[in-house]
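Asker: First, the structure itself, so that you have it in front of you.
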Amino acid sequence: MKVAPLPKNESDRLSALASYKLMDSAQEQDYDDLAMLAAEICQTPVALITFIGEQRQWFKSRYGTELTENHRDYTFCSHAILDDQEIMIVSDATKDSRFFDNPMVTEHKIVFYAGVPLVNPEGYALGSICVIGNEKKQLNDNQISALKILGRQALQLIELRKKVFEYEELNKALEVSNGLVRKFAERVAHDIKNPLGNIMLTTQALKSKAEKAGHVDYYRFIDISLNSARKLLDYVNQLLWDSKAQVGVGEEKERFFLTNLLEEVLGMLTIPDHYELDLPKDAEICSSRIALEQILLNLLSNAVRYNDKVKPEIELSFEQTIEGYHFIVRDNGIGIPLGVQHRIFEHGYCSGLSDRFSNMGNGIGLGTVKSQVERLNGSIRVESIEGVGSSFFLFLPK
């Protein structure tokens, strides 16, 4: 008896086999069906789908035998996985120098064997689909072709099974990750609320003193601070609700008027008096108010900040169609170089340019805009000419 030598890539082959979690797995009908078809097509009493482990050959599926495994040294399949051919056929094992004194031949009376190696996409032979008989036999061309096809089908089942397990593991990891994110969001939101409340109380007290002292010029800046604090508090409350309800920010729709929303957005922006701002007529919208507010706040804030013109111009246009809502935010600012326009919506991407007020961007704003737009199944794109200005085209479905 000749024991099959180990494949040159045996260590990597065993690691690949382990990654499929096939050894000692439960019986599955799909594999059993392929084994039965192999036996019927090749007209043999036994058919197997096997995998070759370190010390043993294990039968994932068996037809015509009660055996579930075999010692690797005795297996025909250990030789089959070494064969460079697509199939190994032994017509008469009693006259084959490799097998004539093998216990599977002398004791179990195996005479005929035909096996197709199951080679995964990385080139590792995991095992085989084989047919076995107790009489000398030849397969015709149709039977050989059919057995090879069944081998490919078995391999597809193996790959699909692995994908399913990978997705299940990924889903478990995501569930854990989402749980941690929710806990983190809830903790952060609670931690922010207390100092935020203090800021609001301090600002209100400052406003009261300014009113008594007659400092009318300060009212506008104090109101901006108050509006920003109130809006931030709304975000925190929304974050808390989302973390408990397990619904992402921007997924809940409501009806609101565009003018009211823009009033809140502009109330959080510091727009110099010499800026020319053109806003659309009022319209009723049904979408995520908090998401649209964040989107427009970021776009309008950038339009204000990145403008180097003597007479800065910003235009927000709006159109409602059957499909949804179309917004365009135009400005005559510094523009965006053509070579980086495809990157501006990447999270963390920063152009390195300072704005009109000598502040550097942090690479978060437009990445957040993109995330919110995608969460609402919308789209956003930019057209820009360096030194002339930019136009952001936003679409949100109804």
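The values are calculated or read from the model by the stated rules, or taken from the named source; none is laboratory data. Everything quoted here is computed from the prediction, not taken from an experiment. We place every Cβ from the backbone using ideal geometry, glycine too, and count neighbours over all the protein chains shown. The accessibility values were calculated without ligands, DNA or RNA, using every heavy atom of the protein model including side chains. Shrake-Rupley method; radii C 1.70, N 1.55, O 1.52, S 1.80 Å.
Asker: Treat each spin label as a single point 7 Å out from the Cα along the C-beta direction, and report the Asp32 to His71 distance in nm.
Answerer: 3.0 nm
Asker: Additional query: What order do you get for 379-387, 161-169, 53-61 when each peptide is scored by the mean count of other beta carbon atoms within 10 Å, highest first?
Answerer: So the peptides 379-387, 161-169, 53-61, ranked by packing, come out 53-61, 379-387, 161-169.
Asker: Based only on the alpha carbon positions, what is the Kirkwood hydrodynamic radius of segment 98-157, in angstrom?
Answerer: 12.9 Å
Asker: What is the list of residues in segment 261-303 whose amide nitrogen lies under 19 Å from a point 7 angstrom out from the Cα of Phe393, following Cα to Cβ?
Answerer: Residues 296, 299-300 fall inside that zone.
Asker: Run the simple label-point estimate for Asn9 and Glu386 please: 7 Å along Cα→C-beta, distance reported in nm.
Answerer: Modelled inter-label distance: 4.8 nm.
Asker: Further question: Just to verify a number: what accessible area does Lys370 come out at with the full protein assembly present, 1.4 Å probe, Å² rounded to tens?
Answerer: Here the accessible area works out near 60 Å².
Asker: Shifting gears a bit: With r defined as the distance between the Cβ atoms of Glu122 and Ser208 and R0 fixed at 56 Å, what FRET efficiency is calculated, to the nearest 0.05?
Answerer: It comes out at approximately 0.20.
Asker: Next up: So how long is each side of segment 1-131 along the principal axes, counting just the alpha-carbon atoms, biggest first, in Å?
Answerer: Per principal axis, max minus min of the Cα coordinates gives 37, 33, 24 Å.
Asker: Where does each of 262-274, 111-123 land if you order them by average Cβ count within 10 Å, highest first?
Answerer: 111-123, 262-274
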